[in-house]
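The values are calculated or read from the model by the stated rules, or taken from the named source; none is laboratory data. This one's a predicted model, so the numbers in the text were calculated from it and none came from an experiment. Neighbour counts run over all protein chains shown; Cβ positions are idealised from the backbone, glycine included. Each accessible area value is taken on the protein alone, full model and side chains, heavy atoms only, with ligands, DNA and RNA left out. Shrake-Rupley method; radii C 1.70, N 1.55, O 1.52, S 1.80 Å.
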Amino acid sequence: MQEIIASETQLDEVAEAILKAYPQERVFGFYGEMGAGKTTLIKEMCKCLGVQDITSSPTFAIVNEYWTEGGQPLYHFDFYRIDEPADATRIGFEEYLYSDNYCFIEWTEKVEEILQGDFIPITIQRVDDVTRKFIF
């Protein structure tokens, strides 16, 4: 487990460190209070992976699909609005998980029983207005 304390201007370094620490992993679960920076970190991780699309939180769509320069899809989930894990199952969440493509999941706690521990947890804690602690 690693910890990094960084400001918003250092998020590219945090994203690179996470991806470097888990080069074979494809499913990452993000934890943190509303406004902690989950979506912002995911945007940086997408950049590191060569995503050219404009990335945004899929709060209303639940899942956004992005494409890397190499032609690989990457999936970004936001489960804030779901009430129970079955809601994720209905959108085919498990198929995404077993696709061997990157899956970045916000509000992971809502689907933990589906994941059964098969993901890399990333916790973001607010230190102050511009600084966060990243635990992965």
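Just checking, does segment 64-87 include any residue being within 16 Å of GLU8 (Cβ to Cβ) and basic (Lys, Arg)?
As a first pass, look at segment 64-87 and keep what is within 16 Å of GLU8 (Cβ to Cβ): none.
No - not one qualifying residue is present in segment 64-87.
Restricted to segment 49-81, and to residues there that are out of contact with any Asp or Glu (no Cβ under 7 Å at 6 or more places or on another chain) and part of a strand (DSSP E or B), the residue that is surrounded by the most Cβ atoms within 10 Å (Cβ to Cβ) is HIS76.
Note on segment 1-20: residues that are open to solvent by less than 70 Å² (accessible area, probe 1.4 Å) and of a type in the set (Val, Ile, Thr) amount to 3. Candidates are the residues of segment 1-48 that are within 13 Å of the chain's Cα centre (by Cα) and part of a strand (DSSP E or B); the one that is farthest from THR108 (Cα to Cα) is VAL27. Look at (1) in contact (Cβ under 8 Å) with a residue 40 or more places away in the chain; (2) of a type outside the set (Phe, Trp, Tyr); (3) out of contact with any Pro (no Cβ under 9 Å at 6 or more places or on another chain) and you find that GLY29 fails only one, number (3).
For segment 124-136, a residue qualifies if it is open to solvent by 40 Å² or more (accessible area, probe 1.4 Å), touching a residue at least 60 places away in the same chain (Cβ under 8 Å) and either of a type in the set (Ser, Thr, Tyr) or outside any strand (DSSP E or B) (or both), and the qualifying residues are VAL127, VAL130.
Filtered by the rule that a residue be open to solvent by 10 Å² or more (accessible area, probe 1.4 Å) and of a type in the set (Gly, Ala, Ser), segment 28-48 gives GLY32, GLY35, GLY37. Screening PRO23 with (1) surrounded by 15 or more Cβ atoms within 10 Å (Cβ to Cβ); (2) more than 17 Å from PHE134 (Cβ to Cβ) gives one miss only, at (1).
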